[in-house]
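The values are calculated or read from the model by the stated rules, or taken from the named source; none is laboratory data. These figures come from a predicted structure and were not determined experimentally. Note that each Cβ is placed from the backbone with ideal geometry, even for glycine, and that neighbours are counted across all protein chains shown.
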Amino acid sequence: MNKYGLKRIDLYILKKFLGTYIFAIILIISISVVFDINEKIDKFLKPEVTLKEIVFDYYMNFIPYFANLFSPLFTFIAVIFFTSKLADNSEIIALLSNGVSFRRLMLPYWISASIIALATFLLNAFIIPPANVSRINFQNKYLRNRAVEYVRNLQLEVEPGVIAYFDRYDDKSRMGYHFSLEYFVDKKLISRLTSNSIKYDTLYNWTIVDYMIRDFDGMYEHVSSGSRKDTTLTIVPSDFLISVDDCETMTTPHLATYINRQKKRGIGNIQMFEIEYHKRFAAIMAAFILTSIGASLSSRKIKGGMGLHIGIGIGLSFSYILFTTITSTFAINGYVSPMVAAWIPNILYTFIAVYLYSKAPN
C-alpha cells in the first residue's frame, strides 16, 4: 500500500475512533439522564424548583461532569467497537498483509488518544470545576445537602507562628465560639487572645467579641480586654469547612495552591483534594493505556466476534474504574499516599497493555 493510501487509512481510523467515542458518550449520557430524572422526579416536581434551574444549573453541568468522569469507559468502548468491526471484515488482516506493521497501524489510535487525553485534561483542570459549583449548589439546595456547615475543636495555623483555635464554628450564623489566637516567636508564647465569640464578616475580616489579650514579656504579663475588636485573619471558613465535593469545584492550579496552604496550616483531612489532584494527571495516561488494551484485544479475528470483544472490554473498563475507587478509599483511610492511589491502576493496566500488545497480530 502506498503512502497516500495509508494516509487515507489513518484518517479513516481517526474518524471512526472519535466518531464512535462521541456516539458512545451521547448514547450513554442520554440513558443516564433518563435514569437520573426518573430517580429525582419527586424532588424536581417541588414548586420551589424551577425548570430553568433543573436544565441550566443541574443538567447542563451534570452532562459534561458525567461524560468526563467515565471518559475511560467511553474510550474503551469506542476502540473495542470499531476495531472489532475492522477485524470481522478482515480489514486489519488486509492491512497487515500489505506490509503495514501493527505498530504503524496504532499511529491513528495514539493520535486519537492524544486528542481525548488533552480534552480530558482541559475539562478536568479548567472547565468542569467552575461548572460544578452550580451543579453542587443545586444538589445541596434541592436534592441532598452535603455541605459542611459546622465544626468543633478546630486548631490551625493562620500564618507562621500564629495558631487559631475554635471550640466550634457555625457557618449559618458565621459565628465561632470560645476562640483563641496565640502568637509564638522561636517557639515561645508571647501573646494570647481569648474571646467568647468571633464573627466572620468578609474576606479575611473578622470581629472578635468580649476578648482578653495577655502579652508576655519574660516574667511580666500585660492584660487588656474589650467588648469588640475588628481584625484581619488570613483564614476564611472554606479553609476548614471541608466537604467531599469541594475538591471538584477547584481548577487544578487552585487545587494545588489549596493543598499546599492547608498542609502548612496543619489541616490533615485533605486526602480527597490530593487524590483529585493526582487523578486529573493520571487520567491523561488512562486514555493511552485503555486505547492500547482495546486495540490489541479486538484487532484479532476470533470466534465470538464483536460481542465477545465488547464483553471483555466493558469488563476491563469497569474493573479499571472499580480499582480506581478502591485505591482512593485506601488513600482516604491512610493506607497509601494519594499519589500512589491515583497511579496504581495505571501501573497495573500498563502491564496488561504491554502483554496484550505483544500478543497482537503482526
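If the Cβ limit is 7 Å and pairs must be 6+ apart or interchain, which residue in the stretch 220-247 that is without any contact (Cβ under 8 Å) to a residue 40 or more places away in the chain and not assigned by TED's automatic domain parsing to the domain that holds THR207 pairs with which residue that is surrounded by 14 or more Cβ atoms within 10 Å (Cβ to Cβ) and not in a strand (DSSP E or B)?
Once the first residue is without any contact (Cβ under 8 Å) to a residue 40 or more places away in the chain and not assigned by TED's automatic domain parsing to the domain that holds THR207 and sits in the stretch 220-247, its partners that are surrounded by 14 or more Cβ atoms within 10 Å (Cβ to Cβ) and not in a strand (DSSP E or B) give CYS247/LEU255; CYS247/MET272; CYS247/PHE273; CYS247/GLU276.
It is to be established whether one or more residues within the stretch 69-76 are under 17 Å from SER299 (Cα atoms), more than 29 Å from the chain's Cα centre (by Cα) and assigned by TED's automatic domain parsing to the domain that holds TRP110. Lay out the reasoning, then the answer.
Looking only at the stretch 69-76, we keep the residues that are under 17 Å from SER299 (Cα atoms), and these are 75-76.
Still in the list and also more than 29 Å from the chain's Cα centre (by Cα): none.
Within the stretch 69-76 (the criterion being under 17 Å from SER299 (Cα atoms), more than 29 Å from the chain's Cα centre (by Cα) and assigned by TED's automatic domain parsing to the domain that holds TRP110), the answer is no, since none of the residues qualifies.
Can you pull out every residue in the stretch 320-337 that is surrounded by fewer than 19 Cβ atoms within 10 Å (Cβ to Cβ) and either farther than 17 Å from ALA287 by Cα or over 20 Å from the mean Cα position of the chain (by Cα) (or both)?
THR325, ILE326, THR329, PHE330, ILE332, ASN333, GLY334, TYR335, VAL336, SER337
If I filter the stretch 251-266 down to residues being touching an Asp or Glu at 6+ places or on another chain (Cβ under 8 Å) and crowded, with 17+ Cβ neighbours inside 10 Å, which single residue comes out as nearest to ILE208 (Cα to Cα)?
Filtering the stretch 251-266 for residues touching an Asp or Glu at 6+ places or on another chain (Cβ under 8 Å) gives 255, 259, 261-262, 264-266.
With crowded, with 17+ Cβ neighbours inside 10 Å added as a condition, the list becomes 255, 259, 262, 265.
On the way: LEU255: 30, ILE259: 28, GLN262: 23, ARG265: 21 Å.
Applying the filter and picking the extreme gives ARG265.
Can you find a residue in the stretch 160-179 that is of a type in the set (A, V, I, L, M, F, W, C), farther than 27 Å from ARG146 by Cβ and outside the structural domain of PRO129 (by TED's automatic domain parsing)?
Checked the stretch 160-179: at least one residue is of a type in the set (A, V, I, L, M, F, W, C), farther than 27 Å from ARG146 by Cβ and outside the structural domain of PRO129 (by TED's automatic domain parsing).
From ALA256, ALA282, which residue is in the same structural domain as THR350 (by TED's automatic domain parsing) and either over 13 Å from the mean Cα position of the chain (by Cα) or more than 22 Å from GLU149 (Cβ to Cβ) (or both)?
ALA282
Would you pick out the residues in the stretch 180-192 that are of a type outside the set (Ser, Thr, Tyr) and either under 16 Å from VAL236 (Cα atoms) or not in a strand (DSSP E or B) (or both)?
Matches in the stretch 180-192: LEU181, ASP186, LYS187.
Cβ-Cβ below 6 Å, separation at least six or inter-chain, first residue in the stretch 39-56 and surrounded by 11 or more Cβ atoms within 10 Å (Cβ to Cβ), second not aromatic (Phe, Trp, Tyr): which pairs?
Matching pairs, first to second residue: LYS43/LEU143; PHE44/ILE54.
Here are some conditions: (1) farther than 24 Å from ILE136 by Cα; (2) in contact with a strand residue (DSSP E or B) (Cβ under 6 Å, 6 or more places away or on another chain); (3) not basic (Lys, Arg). ALA295 meets all but one. Which one does it not meet?
(2)
Condition test on SER317, is it under 24 Å from PHE102 (Cα atoms), over 24 Å from the mean Cα position of the chain (by Cα) and touching a residue at least 24 places away in the same chain (Cβ under 8 Å)?
When the stated conditions are applied, SER317 does not pass them.
Every residue, every condition in (1) hydrophobic (A, V, I, L, M, F, W, C); (2) in a strand (DSSP E or B); (3) more than 16 Å from MET175 (Cα to Cα), yes or no:
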residue: SER197; (1), (2), (3): no, yes, no
residue: LEU203; (1), (2), (3): yes, no, no
residue: ILE208; (1), (2), (3): yes, yes, no
residue: TYR211; (1), (2), (3): no, yes, no
residue: VAL223; (1), (2), (3): yes, yes, yes
residue: GLY226; (1), (2), (3): no, yes, yes
residue: LYS229; (1), (2), (3): no, yes, no
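How many residues does the stretch 170-179 contain that are in a strand (DSSP E or B) and at positive phi?
1
Name the helices (runs of 4 or more DSSP H) wholly within the stretch 70-169 that hold at least 2 residues that are out of contact with any Leu (no Cβ under 7 Å at 6 or more places or on another chain), crowded, with 17+ Cβ neighbours inside 10 Å and β-branched (Val, Ile, Thr)? If you could, list the steps in order and put the result at the bottom.
Working: elements: 71-88, 91-97, 102-105, 107-122, 128-138.
In the stretch 70-169, 71-88, 107-122, 128-138 are the helices (runs of 4 or more DSSP H) which contain 2 or more residues that are out of contact with any Leu (no Cβ under 7 Å at 6 or more places or on another chain), crowded, with 17+ Cβ neighbours inside 10 Å and β-branched (Val, Ile, Thr).
Would you mind stating whether GLY334 is part of a helix (DSSP H, G or I) and in contact (Cβ under 8 Å) with a residue 60 or more places away in the chain?
Details: part of a helix (DSSP H, G or I): no; in contact (Cβ under 8 Å) with a residue 60 or more places away in the chain: yes.
So GLY334 fails the test.
Can you find a residue that is under 38 Å from the mean Cα position of the chain (by Cα) and closer than 24 Å to ASN137 by Cβ anywhere in the stretch 222-236?
yes
Mind listing just one residue for me: the one in the stretch 170-195 that is farther than 19 Å from SER227 by Cα and of a type in the set (A, V, I, L, M) and, of those, surrounded by the fewest Cβ atoms within 10 Å (Cβ to Cβ)?
VAL185
Could you look through the stretch 256-304, keep only residues that are of a type in the set (A, V, I, L, M), assigned to a helix (DSSP H, G or I) and without any contact (Cβ under 8 Å) to a residue 60 or more places away in the chain, and pick out the one that is nearest to PHE74 (Cα to Cα)?
Looking only at the stretch 256-304, we keep the residues that are of a type in the set (A, V, I, L, M), and these are 256, 259, 267, 270, 272, 275, 282-287, 289-290, 293, 295, 297, 302.
Pick out the ones that are also assigned to a helix (DSSP H, G or I) and you get 256, 259, 272, 275, 282-287, 289-290, 293, 295, 297.
After this cut, where a residue has to be without any contact (Cβ under 8 Å) to a residue 60 or more places away in the chain as well, the list is 256, 259.
Numbers: ALA256: 28, ILE259: 31 Å.
The selected residue is ALA256.
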